[in-house]
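Before any comments, here is the structure.
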Amino acid sequence: MSRKIATAFNKFYRNIKISKEYRKIAYQRKNEILPILKDKLNVVEFISTGSVPRNTALYKNADFDLIVVFDYGQKIKNIKPAEVLQSICEIFNDSDIKATTNGQTVTLHYETLPNIDITPALKIFDNEKSIKTCNIPDSTSKKWIQTKPNQHTRDMINEHLICGTSFRKIIMIVKHWNQMRGSYLQSYHIEVMALKIFHFKLENIAWEIFYYFEKAADLISKPLWHEGILVDSYLNPKNRFEIRTMMQNDRDSLFAAWQKIQNIDSGYIEAFTIWKKIFGEKFPDCK
């Protein structure tokens, strides 16, 4: 891959990633609410999760996710998911922070980004008393659903070590692409597909972006299971068809762009035009 292409994608990555200041504010706000939660609830553990700590967060579109693990007997037992979420909201009634429930989380809204998403959870143990999963409440389905936040973080770190820095760059580029098209896909879903797709050193991002779209279009065509959990249960048939069609169309365009750059003399301008059409104004011009 030429230096010009590598430089362009690196600049694109810098254009869409969060700043150091944004990350600093996110952690400051997390640290401010921990004492409040500890004071009001019997908390067993706090787990920082989501795109910010995993370094896959987009600029001005990344809330800080915090999982709050309760003592089962005192706070979760016989309580409906919606009631658990509402109990978190009520803690902030007397503060300047607006709290709202949204499916599986309570979002703390600030005057400026980032917001904080709090997800209550309980730990499920296997027969050997090792942690099997965390169950979190879903007020939409009115059920408790499984998640493995620590395992996912470890998987992301391990894959980064295998694939190199382009692993996270590609994830962020796909998240940006997804955001431009109405955010059909959840952030976690995009990351899981990357874990399924890449198991090798990434050294040619122009090809590897196409490769992600090619494989992801196939993965989206059917239910995706990961670590015993159905990742894409939120997609209805209509949304699944629409996002797959968009991925297939841009997959073909990305392949065309890769073919263009094989002709060093005349193909670069055409390739950059394709990438800019797919990824928007944050992708740099060909210079």
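Laboratory data are not the source of any read-out in this text; all were calculated from the coordinates shown. What you see is a predicted model; the values in this text were computed from it and never measured. Here the Cβ positions follow ideal geometry from the backbone for every residue, glycine too, while neighbour counts run over all protein chains shown.
Structural remarks
- In order through the stretch 232-247: 3J(HN,Hα) via Karplus (6.51 cos²θ - 1.76 cosθ + 1.60), integer Hz, x for Gly, Pro: 10, 5, 6, 7, 8, x, 5, 5, 4, 5, 5, 5, 5, 4, 4, 5
- Equivalent ellipsoid of the chain: semi-axes from √(5λ) of the C-alpha gyration tensor, largest first, are 38, 21, 17 Å.
- Charged side chains reduced to their Cβ positions (Lys and Arg at +1, Asp and Glu at -1) give the chain a dipole of some 420 debye around its Cα centre.
- Cα centroid separation - the stretch 187-256 against the stretch 4-56, whole Å: 24
- Sparsely packed GluC sites (Glu not before Pro) within the stretch 157-254, loop by DSSP, other Cβ within 10 Å at most 13: 203
- ³J(HN,Hα) computed for each position of the stretch 117-123 - Karplus, 6.51 cos²θ - 1.76 cosθ + 1.60, integer Hz, glycine/proline x: 9, 9, 10, x, 8, 10, 8
- With Cα atoms, 0 to 90° folded angle of helix 267-279 axis to the chain main axis: 20
- Between the residues 41, 93, 66, the greatest Cα displacement towards the positive end of the dipole of the chain, with unit charges on the Cβ of Lys, Arg, Asp and Glu, is found for 66.
- Considering helices alone, the calculated mean residue ellipticity of the chain at 222 nm is -16000 deg cm²/dmol, with DSSP H runs of length four and up weighted by -39500 (n - 2.57) and normalised per residue.
- Among 89, 134, 163, sorting on how many other beta-carbon atoms sit within 10 Å of each Cβ, with the fewest leading, yields 89, 163, 134.
- Sequence-ordered 3J(HN,Hα) estimates for the stretch 51-67 from the Karplus curve with 6.51, -1.76 and 1.60 and θ = phi - 60° stand at 5, 5, x, 8, 6, 10, 8, 8, 4, 6, 8, 9, 7, 8, 9, 10, 8 Hz, glycine and proline given as x.
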